[in-house]
Amino acid sequence: MPDASHAPAPRQLEVAIVGGGLGGLYAIHRLRKLGLRVRAYEAGSGIGGTWFWNRYPGARCDVESLEYSYSFSDELQQEWKWPERYGTQPEILKYINHVADRFDLRRDVQLNTRIKAATFDGAANEWTLRTESGEEIRARYCIMAAGNLSTPRVPDFKGIGSFKGKWYHSGLWPHEGVDFTGLRVGVIGTGSSGVQMIPLIARQAKHLHVFQRTANFSLPARNAPMDEARESRHKAEYPARRRAAYDTPFAIGGYPRPTKSALDVTEEERNAAYEAKWQEGGSISYLYTYTDLLVNKEANDTASEFARNKIRGIVKDQRTAELLAPKDHPIGTKRLCLDTNYYETYNRDNVVLVDVRSAPIQEITEKGVRTTEAEYELDAIVFATGFDAMTGALREIDIRTSDGAVLADHWAGGPLTYLGLMVSGFPNMFVVTGPGSPGVKTQMIASIEQHVDWIADAIDHLGRHQLDRIEPSPQAEAEWVGHVNAVADSTLYPLANSWYVGANIPGKPRVFMPYVGGFDRYKRHCDEIVGKGYEGFTLS
Ligand code: N01
């Protein structure tokens with residue numbers, strides 16, 4: 001029997017942070033500046049969160065590297081050199097490690113530590129976190145920075161245990177890499193991860209079957225080595241560029257705001273504009289062609305059809321081209337993919353697209369994948385099947401309070417938050433880029449910095465006023481959730497079966513989770529709430 005008297009005393013902190021990715025690391029830096037005792041707990045054996053886990057071939061950020069970086073230190077943004085227009089996973093992980101060293105963050109990150117439970121003691125106003133190995137950590141505040149796309153999901157296919165080959169998930173990629181040379185490979189899933197890895201796996205594998213249930217729109221990334229002149233110009237104007245970016249819906253600068261409706265111009269003019277954006281590369285650029293692509297179906301149809309025609313022009317086999325041309329959702333209402341030679345890959349002799357919408361996967365067999373039509377013999381299967389997005393990471397932690405509130409119950413019908421930052425009934429627990437926040441619809445690091453700054457200011461405010469508890473009112477929370485949904489309903493986003501609504505997880509309540517009103521509006525709103533004395537929150 002373990003002797004309780006020999007159990008180590010719980011660690012006492014002011015702020016406990018769950019997650020050692022971009023959010024958790026910035027929280028350490030920011031809160032330390034307030035003189036607080038903080039520590040982040042990270043399940044992985046290294047820092048970096050999403051960029052630590054997602055090591056599949058071709059993993060790369062779809063926001064340009066000059067934008068996708070921390071802005072909190074001008075020295076940092078001046079000294080770091082991005083070699084390419086879009087950062088690869090190894091480059092971004094190297095950057096994150098550099099940041100950790102430069103700001104001495106590692107000493108407050110505990111690796112290989114998964115938080116399994118978090119309980120709030122209402123009398124002491126204190127959270128107790130419990131790790132998988134039973135360690136306890138006590139802290140007045142808890143910051144959940146556990147990521148939005150950090151709970152990989154392998155569909156519950158019958159027979160998966162019987163497969164004699166090897167299988168992988170994009171979000172749990174082996175550190176040593178995978179050599180597919182000479183192998184018969186199957187990739188299941190054609191979201192951003194699948195679209196990035198398929199061209200590279202096709203070049204290595206003997207044969208590649210791509211199992212597609214739903215076609216996704218993908219635009220050319222037009223990746224290239226960093227243009228030095230552009231980099232110097234950008235760096236010379238970094239602070240102003242960041243400010244300008246924060247004044248846009250996606251928190252990404254450098255794209256002129258559209259001024260016209262797609263329906264106010266001739267077809268010829270429209271197609272010329274889409275063509276220019278297609279050649280320029282990048283998703284924001286394309287969606288910024290006209291003001292109404294995400295709010296007016298008729299306008300969107302023009303952009304969707306242009307992209308479909310591009311696919312028809314690239315892919316030689318017209319049956320394959322039609323399968324790849326998405327028709328079930330307006331362009332941009334699911335996360336737009338960016339690719340390098342994705343559609344071209346289907347012109348290779350060793351690549352076959354299998355439509356598992358019309359003939360669904362029935363089971364994984366010893367030999368490979370069996371659909372209702374055929375069995376495909378494979379040596380390796382890659383699941384690019386996505387994540388339990390936005391709520392998965394918190395669902396895996398047993399979060400409750402001493403007066404009986406359980407987060408899983410509170411969120412049974414879908415996640416409820418105020419500003420995406422806090423949950424009613426769960427005082428002193430903050431969430432970084434959670435449901436109800438614009439995070440996933442923006443340049444993520446901008447949202448992370450804005451959220452963490454807001455949280456740090458709130459904690460500082462409480463300290464300066466000898467207060468030790470903050471929580472949103474149920475009414476403020478309900479109004480925010482209503483607003484998030486009303487904003488989504490005024491757009492075309494709800495027309496897509498995406499992970500934004502939890503559609504990829506069987507049984508998950510269908511609720512629109514991200515705030516799509518724009519980073520600029522959101523940031524102003526958060527600031528106004530502070531200006532009104534933390535309106536909607538109870539401070540005590
Ligand atoms: O996952 P996804 P992801 N049978 O959920 C299919 C970010 N990200 O890892 O649409 C057959 O988008 C599923 O089909 P369907 C980015 O925000 C960014 O690719 O459900 N197929 C879909 O095709 C992105 O949006 C970057 O019908 C099944 C695919 O698997 C998010 O992460 C790179 C299936 C899952 O697509 C997630 O992207 C990578 C089944 N049972 C990721 N279950 C960049 O920055 C699922 N699928 C570039």
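Table for the structure above
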| item | result |
| --- | --- |
| Using alpha carbons only: equivalent-ellipsoid semi-axes of the stretch 217-334, gyration tensor based, whole Å | 28, 18, 12 |
| Cα centroid of the stretch 220-255 to Cα centroid of the stretch 493-516, whole Å | 30 |
| The stretch 178-221: projected area of the alpha-carbon convex hull, averaged over directions, in nm² | 3.2 |
| Spin-label zone in the stretch 144-158 - amide nitrogen under 18 Å from a point set 7 Å from the Cα of Glu366 along the C-beta vector | 158 |
| For the stretch 59-66, Karplus couplings with θ = phi - 60° (6.51, -1.76, 1.60), whole Hz, Gly/Pro x | 5, 7, 6, 9, 10, 4, 5, 5 |
| Anchor Lys316: lysines whose Cα lies under 25 Å away (excluding residues fewer than 8 positions away in-chain) | Lys206, Lys277, Lys327 |
| Radius 11 Å from Cβ of Arg469, net charge of other residues (Lys, Arg +1; Asp, Glu -1) | -2 |
| Of the DSSP H helices in the chain, those whose Cα atoms cover at least 24 Å axially and whose Kyte score averages -0.5 or more | 444-464 |
| Counting DSSP beta bridges with both ends in the stretch 40-165, the antiparallel % (nearest 5) | 85 |
| Structure-based [θ]222 nm, the chain - -39500 (n - 2.57) summed over DSSP H runs of at least 4, per residue, nearest 500 | -9500 deg cm²/dmol |
| Relative contact order (percent, whole number), the stretch 275-379, Cα cutoff 8 Å, 6+ residue spacing | 17 |
| Segment Val295-Ala374, extension gain: residue separation times 0.36 nm, minus the distance between their alpha carbons | 24.4 nm |
| Cα gyration tensor, the stretch 289-425 - rounded (a/c under 1.5), prolate or oblate | oblate |
| Shape category assigned to the stretch 1-153 from the gyration tensor of Cα positions, a/c cut at 1.5 | prolate |
| Shape of the stretch 485-536, Cα gyration tensor, a/c cut at 1.5 | prolate |
| Where the Cα pairs of the chain fall when distances are cut into 10 Å bins, in % | 3, 18, 28, 27, 17, 6, 1, 0 |
| Whole-number percent relative contact order across the chain, with pairs defined as alpha carbons under 8 Å at least 6 apart | 19 |
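None of the figures in this text is laboratory data; all of them are computed from the coordinates on show. Here the structure is a predicted model, which means the values were calculated and not measured. Methodologically, a virtual Cβ is constructed for each residue, glycine included, from the backbone with ideal geometry; neighbour enumeration extends over all protein chains shown.
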